[in-house]
Amino acid sequence: MVVAHHPISFTPTLGNALDSQGPSWREWVVTNLRAGCDPIDMKGRMLESGAWSEQSAIDALTIAAHQLHLNRSIDFDTLAMPCLPDLGTLNLDGRPIDVTVRLNTPAVALCENVLSAGECTQLLAYARKKGFVPSTVVDDKDGANVPHPERTSSGVMFAKAETPLVARIEARLAELTRWPVEHGEGLQILAYREGQEYRPHFDAFAETEAGASHLRHGGQRLNTVIVYLRTPRSGGATVFPKAGLSIRPRAGGAVVFRNVDSQGQRDPASLHGGLPVDDGEKVILTLWQRQRRFE
């Protein structure tokens, strides 16, 4: 989806879009922007209500941002992004998925029951059959995938829709985040044995020459979805150091988080990592969602 660019400055052509759906909606838009809520998510909720068109929602947010004299500008080109699910229960692919935690900064949602126990077992068995190899990171200098002591897991990559089960999970995660399947990278399975970890890092590519080599294949990594397939007996928490947030792995559950801010730039609050596993094994499924079709 492509959204036309609208600068933050107010122009008369926007008319009275902020008031077009009545005082309750006006109050909701103004109150949430003033509170620092993510305009990307706000736009998504406005569209879901059925009361707003794409253009009228963008216009209303533009006017409100201008009237509030926000210190930050909002590039509405970037409003076309994956959504974080709201608190409550979603019914996707015949499964009731409970969203139990939702934060604005960092933009994180914690979901339960995303995969069944049987699906976790099948995916892990298929991954072991393919064979795990030592994990790598993107080198800051040339963009190559290289081993690094900060990431000591092992992993295996799946091709898009490699099996019927993989295709079904890709579709479920796309529906969960309301983002096209075609914009996702292939699923990756990662295993962490005792003592293994992934120190705090960013999933969004740096705006460097090295990062540019990866951006050519579908743009920035806007969103990350981590689904837990196996839970260690202790350790292995997913952490967001900037927020002081720790999430204990729970098989079948998932954490969804955004890697960029409303400008499409790497969000410092998205810094995250996996603590060392103390006892047992942690296995996760990772999906990275791009701006455009991933190729």
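Report, ordered by the first and then the second residue, all pairs with beta carbons closer than 8 Å, sequence separation of six or more or different chains, a first member in the range 163-187 that is at positive phi, and a second member that is assigned to a helix (DSSP H, G or I).
Here the result reads Arg178/Gly44, each pair linking the range 163-187 to a residue that is assigned to a helix (DSSP H, G or I).
In this structure, does Val181 turn out to be in contact with an Asp or Glu (Cβ under 6 Å, 6 or more places away or on another chain) and of a type in the set (A, V, I, L, M, F, W, C)?
yes
Grab the strands (runs of 3 or more DSSP E) fully contained in the range 17-117, keeping just those with 3 or more residues being at pLDDT 85 or above and in contact with a Lys or Arg (Cβ under 9 Å, 6 or more places away or on another chain). Can you show your working first?
Working: elements: 88-92, 95-103, 108-112.
Output list reads 108-112.
So Thr208 fits all but one of (1) in contact (Cβ under 8 Å) with a residue 40 or more places away in the chain; (2) β-branched (Val, Ile, Thr); (3) in contact with a Pro (Cβ under 9 Å, 6 or more places away or on another chain); what number is the exception?
Going through (1) in contact (Cβ under 8 Å) with a residue 40 or more places away in the chain; (2) β-branched (Val, Ile, Thr); (3) in contact with a Pro (Cβ under 9 Å, 6 or more places away or on another chain) one by one, Thr208 breaks only (3).
Select from the range 158-196 the residues that are of a type outside the set (A, V, I, L, M, F, W, C) and either in contact with a helix residue (DSSP H, G or I) (Cβ under 6 Å, 6 or more places away or on another chain) or outside the structural domain of Phe132 (by TED's automatic domain parsing) (or both) and list them in ascending order. Before you say what the answer is, go through the steps one by one.
At the first step, the residues of the range 158-196 found to be of a type outside the set (A, V, I, L, M, F, W, C) are 160, 162-164, 168, 170, 172, 175, 177-178, 180, 182-186, 188, 192-196.
Glu170, the sole residue that qualifies.
Can you say whether Asp279 is free of Cβ contacts under 8 Å to residues at least 12 places away in the same chain and assigned by TED's automatic domain parsing to the domain that holds Arg128, as far as the supplied structure shows? Walk me through it before giving the result.
Numbers: free of Cβ contacts under 8 Å to residues at least 12 places away in the same chain: no; assigned by TED's automatic domain parsing to the domain that holds Arg128: yes.
Taking the combined requirement at face value, the residue does not satisfy it.
Restricting to the range 184-228, count the residues that are among the hydroxyl-bearing types (Ser, Thr, Tyr) and under 28 Å from Pro85 (Cα atoms). Spell out the reasoning first.
The initial filter retains those residues of the range 184-228 that are among the hydroxyl-bearing types (Ser, Thr, Tyr), namely 192, 198, 208, 213, 224, 228.
Okay, now just the ones that are also under 28 Å from Pro85 (Cα atoms), so 192, 198, 224, 228.
Looking only at that region, the number is 4.
The values are calculated or read from the model by the stated rules, or taken from the named source; none is laboratory data. Just so it is clear, the structure is predicted and the values come from calculations on it, not from any experiment. Heads up, the Cβs are rebuilt from the backbone with ideal geometry, glycines too, and the neighbour counts pull from every protein chain shown.
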